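Heads up: the structure comes next, in structure tokens.
The values are calculated or read from the model by the stated rules, or taken from the named source; none is laboratory data. All values reported here derive from a predicted model rather than from experimental measurement. No Cβ is skipped: glycine too gets one built from the backbone with ideal geometry, and neighbour counts run over all protein chains shown. Quick note on the areas: whole protein, heavy atoms, side chains included, nothing else; ligands and nucleic acids left out. Shrake-Rupley method; radii C 1.70, N 1.55, O 1.52, S 1.80 Å.
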Amino acid sequence: MNFFTKASVKQVHLIWIASIINIGLGFVIPGFDVFAKSISHVALEAPVFAYTHRIADIVIGISMCFFALGIQLTSPSRISFSMASVLLLGLSMISAGIWTLESPLHLLYNLSIFMIIAPLSFSLEFKNIIKSPSFELFSAAVSFLHVFMSVFFKIVVTLCLNIKLHLLRLLLVPYLG
């Protein structure tokens, strides 16, 4: 493995470092409710927080794109689905840093869905190189967790909004009444 390939794979640590900074911003912004708002709402806050968040998103996305290149260079296949899923996820993160929530280009029309596919494509593509049942199980568990979280949180948010609307109606009907 040449130096560029090693560097493109090893620099992936930038992703979790920038992600911790990104998520941590929500906890230091006065009045920002990290449990009620998406982390993308940070880009709509005061400029110092908004630009730090957007730069972190772009750094995460560029790091993912370089990692995707490293995956392609180490992949036993000519066309790597792992590379494609990580590259699309990286492009999604770059777009989240460029455009805010008000734009339909934020997250490039939900390309972040590839976060679900990436672990499974890794386990299938590198099965003969890594040769670890633990790796395969972990990859499947991470993909399942992503699906579960997506569905679960969507249901919970919908239920909470409906409950809030019903409570609001219960309060307003007697008041208007």
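Working from Cα pairs under 8 Å separated by at least six residues, relative contact order for the chain is 17 percent. Taking 0.36 nm per residue of sequence separation and removing the Cα-Cα distance, the residue 134/residue 10 pair yields an extension gain of 42.5 nm.
The fraction of accessible area contributed by carbon and sulfur in the chain is 76 percent, rounded to a whole number (1.4 Å probe; ligands and nucleic acids excluded). For a paramagnetic label modelled on residue 124 (point 7 Å from Cα along Cα→Cβ), amide N atoms under 13 Å away belong, within segment 69-100, to 80-85. Using just its DSSP H runs of length 4 or more, each adding -39500 (n - 2.57), the chain gives a mean residue ellipticity at 222 nm of -25500 deg cm²/dmol after division by all residues. Between residue 155 and residue 44, the C-beta separation translates, for a Förster distance of 30 Å, into a calculated FRET efficiency of about 0.70.
Which helices, counted as full DSSP H runs in the chain, have an axial Cα extent of no less than 24 Å and a Kyte-Doolittle average of 1.0 or above? Could the numbers behind the result be given before it?
Values: long enough: 47-74 (40 Å, 1.29); 81-98 (26 Å, 1.92); 133-176 (63 Å, 1.52).
Qualifying helices, which must be both long enough and hydrophobic enough, are 47-74, 81-98, 133-176.
Net length available on complete extension from residue 51 to residue 2 is 14.1 nm, with 0.36 nm assigned per residue and the Cα-Cα distance removed.
Note that the chain shows a convex hull volume over its alpha carbon atoms of 140 Å³ per residue. Fully extending the segment from residue 110 to residue 20 would add 30.2 nm, taking 0.36 nm per residue of separation and subtracting the current Cα-Cα distance. Summed over the residues of the chain and divided among them, the accessible surface reaches 66 Å² per residue at a probe radius of 1.4 Å. Kirkwood hydrodynamic radius (Cα pairs, Å) of segment 27-86? Computed over segment 27-86, the radius equals 13.6 Å.
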